[in-house]
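Just below is one structure, and these are the notes that go with it.
The values are calculated or read from the model by the stated rules, or taken from the named source; none is laboratory data. Computed from a prediction, not measured in an experiment: that's the story for all the values here. With ideal geometry, Cβ positions are generated from the backbone for all residues, glycine too; neighbour counts draw on all protein chains shown.
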Amino acid sequence: MPKKVEQTLGITVKKSDFAEWYPEVIQKAELADYSPVKGCMIIRPNAYAIWQKVQEYFNPVMHRIGVKNAYFPLFVPESFFKREAKHAEGFSPEVAWIANKSSDEERVAVRPTSETIIADSFAKWTRSWRDLPLKINQWANVVRWETNQTRLFLRTREFLWQEGHCIYATEDECEKDVLLVLDEYVKLAKDLLAIPSIPGQKTEKEKFAGAKKTFTFEGLMPDGRALQLGTSHNLGQGFMEAFNVKFIGNDEQEHVPWYNSWGISTRLIGAAVMLHADDKGMVMPPRVAPVQAVIVPILFTDSKDAVLQEAKHLKTELEAHHIRAHLDDREEYSPGWKFNQWELQGVPVRIEIGPKDLQHKQCVLARRDKGTKETASLLNAKDRVKTLLDEIHQNLYDTAKRFLDGNRVEASSMDDLIKHIKERKMVLAPFCGSATCEDHIKEKTEGATSRCIPFDKKASGVCVQCGKPATSMTYFAKAY
Ligand SMILES: [Zn+2]
């Protein structure tokens, strides 16, 4: 027997110790690591594979909407930020500047977002109504020099995202796509990552710097904190005016286009970890899992060849059924050690096959989400794994949805709101929409902010803060 090189590598804290558990799962499941630069992170292959699945899913969605991928520079001239006053003000605290340059050059920012540099190009590319709509996306990194506490995937100084930027001849077309994209984001979170969310509109205080309206979809994490999962903005005409983007309409008159932008980021990976992972480590949502089924052969000297041969055959069959399969035939590790390692990394289905299974022409299938085991005939294993992956996806989604629905409540008074925020709920309350009231609510609840105005709730009652008639029902929660 080869020498075993085993060591313990499991999670040492329970999920109930959420703040300590989260970074430990991320590091031990080999999703990400801390970097030598404070507040930045290294995305390891297990998590980068998830991001690639997000790209594979979303590129065809954008193609359907008529959006094309492009790439703009990482650096933005300082003068660009000054052109849209609210945008400049909103982003100024977290813009990183390049200080080291020759003195006759304009200072440049490392992009925190790309509205300004893209609007500048739109001015060159738009002449007539025939050039519209113009729909661009880039998959890129952005830098927001956070001074707040950073957290892997949720808040880092550099992160990966996609940013869509589109301009239109009319506001109707513009807003239609803003809502269409939001809807697609909600579907992506649900169908790919098994993350339920609440879509809605941001309040005046929480909208994007320079936007007319911001729409968002919000998740609720197991510690009762909300997480903004992505946003879609109707930017109106402000950036277009600031960058002198115009077009001649078919009425022969000069017009200003309507602009939207929208983005989701690697933050989604953090949400998937928080919602689905457990005391044993990561639980990969099956549709993004880099390995969906791992085959662990139980090897004994006298039956090794036969077992390995069957295991290899099974792997080929799984792959022919478009299941991402891996055969762990390492001999320096015991099956038990391998089980732990794959559990830690969150592989949805583990397939065990040993000499006794071979005699009965069967294998054992173990589910990562529930920890249950079943036997399947070798003939049917590929079909059963395929349905199991869907069942696991559904179970992860249903579990997270039950949590979300079980932890959102309504409040009609400030006392109610304060009480429910203390209970770590997401609280729907009548609200007048004023930024001053929102500041008071934040103070009285020790940190709750407005998350969104859901689409499906009509305003009723009076604002919990000022007593004026409510203009909306708004969700409040403490948030990441
Ligand atoms: Zn009010």
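Across the range 128-153, the qualifying residues are those that are modelled with pLDDT under 95 and β-branched (Val, Ile, Thr), and the one among them that is nearest to Val25 (Cα to Cα) is Thr150.
Table: residues versus (1) without any contact (Cβ under 8 Å) to a residue 12 or more places away in the chain; (2) more than 30 Å from Ala293 (Cα to Cα).
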{"residue": "Lys356", "(1), (2)": "yes, no"}
{"residue": "Glu374", "(1), (2)": "yes, no"}
{"residue": "Phe403", "(1), (2)": "no, no"}
{"residue": "Glu443", "(1), (2)": "yes, yes"}
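Filtering the range 451-471 to residues that are away from the ligand (no atom under 11 Å from the Cβ) and either under 17 Å from Ser413 (Cα atoms) or in a loop (DSSP other than H, G, I, E, B) (or both) leaves Phe455, Asp456, Lys457, Lys458, Ala459, Ser460, Gly461.
In this structure, Ile295 qualifies as buried (at least 18 other Cβ atoms within 10 Å of the Cβ), under 24 Å from Arg330 (Cβ atoms), of a type in the set (A, V, I, L, M, F, W, C) and at pLDDT 95 or above.
I'm trying to understand the selection: among the residues of the range 425-437, which are surrounded by 16 or more Cβ atoms within 10 Å (Cβ to Cβ), at negative phi and within 14 Å of the ligand (Cβ to nearest atom)? Scanning the range 425-437 gives Ala429, Pro430, Phe431, Cys432, Ser434, Cys437. Looking at Ser232, Ser265, just one residue is closer than 23 Å to Asp120 by Cα, small (Gly, Ala, Ser) and within 17 Å of the chain's Cα centre (by Cα), and that residue is Ser232. Under the condition of being within 19 Å of Pro257 (Cα to Cα) and either at pLDDT below 95 or of a type outside the set (Asp, Glu) (or both), the residues counted in the range 154-171 number 7.
Here Lys422 passes the criteria (1) surrounded by 15 or more Cβ atoms within 10 Å (Cβ to Cβ); (2) closer than 16 Å to Thr449 by Cα except the one numbered (1). Within the range 438-450, the only residue that satisfies the criterion of being surrounded by fewer than 20 Cβ atoms within 10 Å (Cβ to Cβ) and near the ligand (Cβ under 9 Å from one of its atoms) is His440. Comparison of Lys386, Lys422 shows that the only residue that is in contact (Cβ under 8 Å) with a residue 24 or more places away in the chain and away from the ligand (no atom under 15 Å from the Cβ) is Lys386.
Within the range 31-52, which residues are of a type in the set (Gly, Ala, Ser) and touching a residue at least 12 places away in the same chain (Cβ under 8 Å)? Talk me through it step by step, then tell me what you get.
If we filter the range 31-52 for residues that are of a type in the set (Gly, Ala, Ser), which is where we start, we get 32, 35, 39, 47, 49.
Ala32, Gly39, Ala47, Ala49 - these are the residues of the range 31-52 that are of a type in the set (Gly, Ala, Ser) and touching a residue at least 12 places away in the same chain (Cβ under 8 Å).
Find the residue count for the range 195-226, including only residues that are among the aliphatic types (A, V, I, L, M) and under 11 Å from the mean Cα position of the chain (by Cα). First the steps, then the outcome.
Taking the range 195-226 as the starting set, the residues that turn out to be among the aliphatic types (A, V, I, L, M) are 195, 198, 209, 211, 220-221, 226.
Next, from what is left, pick out any that are under 11 Å from the mean Cα position of the chain (by Cα): 195.
So the count comes out to 1.
Number of residues in the range 45-99 that are over 24 Å from the mean Cα position of the chain (by Cα) and β-branched (Val, Ile, Thr): the value is 2.
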